[in-house]
Every structure is written in structure tokens, then in C-alpha cells.
1. Given R₀ = 22 Å, FRET efficiency for residue 38-residue 1 by Cβ-Cβ distance, to 0.05?
2. Could you provide, to the nearest whole Å², the per residue accessible area of the chain with probe 1.4 Å?
3. Quick one: what does P(r) look like for the chain with 5 Å bins over all Cα pairs, in whole %?
4. Hey, what do the phi angles of the range 16-22 turn into as Karplus ³J(HN,Hα) couplings, whole Hz, using 6.51/-1.76/1.60 and θ = phi - 60°, x for Gly and Pro?
5. Would you mind telling me the share, in percent, of accessible area of the chain contributed by carbon and sulfur at probe 1.4 angstrom?
6. In deg cm²/dmol, rounded to 500, what helix-only [θ] at 222 nm does the chain give when every DSSP H run of at least 4 residues adds -39500 (n - 2.57) and the total is split over its residues?
7. Could you put 21, 46, 27, 34 in order of accessible surface area, largest first, with the 1.4 Å probe and the full protein assembly present?
8. What dipole magnitude, in Debye to the nearest 20, does the chain give about its Cα centre under +1 on Lys/Arg Cβ and -1 on Asp/Glu Cβ?
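The values are calculated or read from the model by the stated rules, or taken from the named source; none is laboratory data. Treat the numbers as computed from the prediction; the structure is a model and nothing was measured. Note that each Cβ is placed from the backbone with ideal geometry, even for glycine, and that neighbours are counted across all protein chains shown. These area figures cover heavy atoms from the full protein model, side chains too; ligands, DNA and RNA do not enter into them. Shrake-Rupley method; radii C 1.70, N 1.55, O 1.52, S 1.80 Å.
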Amino acid sequence: MNKFYPSKTEKTVITLRIKADLLSEIDELSGKVDISRNEFIMQCIDFAMNSSQIRKE
């Protein structure tokens, strides 16, 4: 049986300006999968960062 080790990840509070129609879409989609707006945005950013083709120099 796998063991569960709950932990708290460190997060930083930021301010984000976003278009109203995009925020509405985020709210709709995050509601459909029953996660918070914040968690949805974090997962989107993680996906974009991991899928980026930008070269790091």
C-alpha cells in the first residue's frame, strides 16, 4: 500500500491583471472540474512552463 505524506507547498501571493472574458472562462472551467480558480491557474501555468519551447540561455 502506498503511503500518503501530506505537505504544504510554499506559495507566494501575487496580483494578476486578466481580461474579464478570460476570467469568466477560467471560473467556468475550474467549476466544472471542482477546483479553485487559483489551483486551476497554477496548473495552467505549470503546463505552459513544462511545455514551453523557449530556449533557456
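1. Working: r = 31 Å, r/R0 = 1.42.
It comes out at approximately 0.10.
2. Numbers: 6190 Å² over 57 residues.
Computed with neighbouring chains in place, this is 109 Å² per residue.
3. Computed distribution, short to long bins: 4, 13, 17, 20, 20, 13, 8, 4, 1, 0.
4. 10, 9, 9, 5, 4, 5, 5
5. Working: 3380 of 6190 Å².
So the carbon and sulfur contribution to the accessible surface is 55 percent.
6. Calculated mean residue ellipticity at 222 nm is -16000 deg cm²/dmol.
7. Values: 21 110, 46 90, 27 60, 34 135 Å².
Output order, biggest surface exposure first: 34, 21, 46, 27.
8. Numbers: 9 positive and 9 negative charges, 56 e Å.
I would put it at about 260 debye.
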